[in-house]
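The values are calculated or read from the model by the stated rules, or taken from the named source; none is laboratory data. Remember, it's a predicted structure, so these values are computed and weren't measured experimentally. Here the Cβ positions follow ideal geometry from the backbone for every residue, glycine too, while neighbour counts run over all protein chains shown.
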Amino acid sequence: MANPPSDPKTHWDKVYNTKAPDQVSWYRPHLERSLALIERAAASISASIIDVGGGESTLVDDLLARGYQNITVLDISEAAINVTKTRLKKAAEQVHWIAGDVTRLKLGSKFYDVWHDRAVFHFLTSVEQRSAYVQNVARAVKTGGHVIVSTFGPEGPSKCSGLEVTRYDAESLHDQFGMRFRLVESFQELHQTPFSTTQQFLYCYCRIE
């Protein structure tokens, strides 16, 4: 397995500075599956929701359109965040933005009701990175809160954006998090990329005990 890039921020800033939002393989106009799970997990529109790796994703647009009032978007690339702020215009003021590496930040304790991550965790190829991520989730999400993580599935790509990834089935992904994360549901989804290819994604939806 290749080592992660020595400076992930520089890598991802380059990606987002050189490619349009709809010219990356993971782009979808709307994250329908994620939205459905978040609506299921969030008890009310005041629920505190964090979208990890939300960068240029339209998920924040759709959450705002549904009336959610307490949204955080975290991304390692400030360039990606700035694209979305520009797209949202005045509505960007309703969102809390964090530019930083989720494996190095210390988020607020027991702060979030819903943690969402589509296509970040599979880039964490070292044990240390994954451990730091899981510790952050365990610290930041309230007891009884929900964690939605989507990675490439067993038949997904082995590389993305020039980087090695780790692929998972439901059991191996849940094993990364541990028994405190009670698995509610898992399923696979075939994502059609902007380049007319398909990628297998795995979703795991957990509740923190």
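Being out of contact with any helix residue (DSSP H, G or I) (no Cβ under 6 Å at 6 or more places or on another chain), at pLDDT below 60 and of a type outside the set (Gly, Ala, Ser) is the filter; apply it to the range 1-20 and report the residue that is nearest to LEU74 (Cα to Cα). Before you say what the answer is, go through the steps one by one.
Here is the first cut: in the range 1-20, the ones out of contact with any helix residue (DSSP H, G or I) (no Cβ under 6 Å at 6 or more places or on another chain) are 1-4, 6-12, 14-15, 18-20.
Cutting the leftovers down to at pLDDT below 60 gives us 1-4.
Restricting the remaining residues to those that are of a type outside the set (Gly, Ala, Ser) gives 1, 3-4.
Working: MET1: 27, ASN3: 23, PRO4: 20 Å.
Among those that are out of contact with any helix residue (DSSP H, G or I) (no Cβ under 6 Å at 6 or more places or on another chain), at pLDDT below 60 and of a type outside the set (Gly, Ala, Ser), it is PRO4.
Applying the condition of being assigned to a strand (DSSP E or B) and aliphatic (A, V, I, L, M) to the range 143-172 and asking which residue is surrounded by the most Cβ atoms within 10 Å (Cβ to Cβ) yields VAL149.
When the residues of the range 85-127 are filtered to those that are of a type in the set (Ser, Thr, Tyr) and within 28 Å of GLN176 (Cβ to Cβ), the one that is surrounded by the fewest Cβ atoms within 10 Å (Cβ to Cβ) is SER109. Pairs meeting the criteria (first residue in the range 136-156 and closer than 12 Å to CYS204 by Cβ, second residue of a type in the set (Gly, Ala, Ser) and part of a loop (DSSP other than H, G, I, E, B), beta carbons under 9 Å, at least 6 apart or on different chains) are HIS146/ALA42; SER150/ALA119; THR151/ALA119.
I'd like to check something: does the range 99-112 contain any residue that is without any contact (Cβ under 8 Å) to a residue 24 or more places away in the chain, out of contact with any helix residue (DSSP H, G or I) (no Cβ under 6 Å at 6 or more places or on another chain) and not hydroxyl-bearing (Ser, Thr, Tyr)?
Within the range 99-112 (the criterion being without any contact (Cβ under 8 Å) to a residue 24 or more places away in the chain, out of contact with any helix residue (DSSP H, G or I) (no Cβ under 6 Å at 6 or more places or on another chain) and not hydroxyl-bearing (Ser, Thr, Tyr)), the answer is no, since none of the residues qualifies.
Does any residue of the range 153-174 turn out to be modelled with pLDDT of 95 or more, of a type in the set (Phe, Trp, Tyr) and closer than 21 Å to ALA47 by Cα? No: zero hits. Taken together, the residues in the range 9-65 that are small (Gly, Ala, Ser), closer than 25 Å to LEU163 by Cα and either touching a Ser or Thr at 6+ places or on another chain (Cβ under 6 Å) or crowded, with 16+ Cβ neighbours inside 10 Å (or both) amount to 6.
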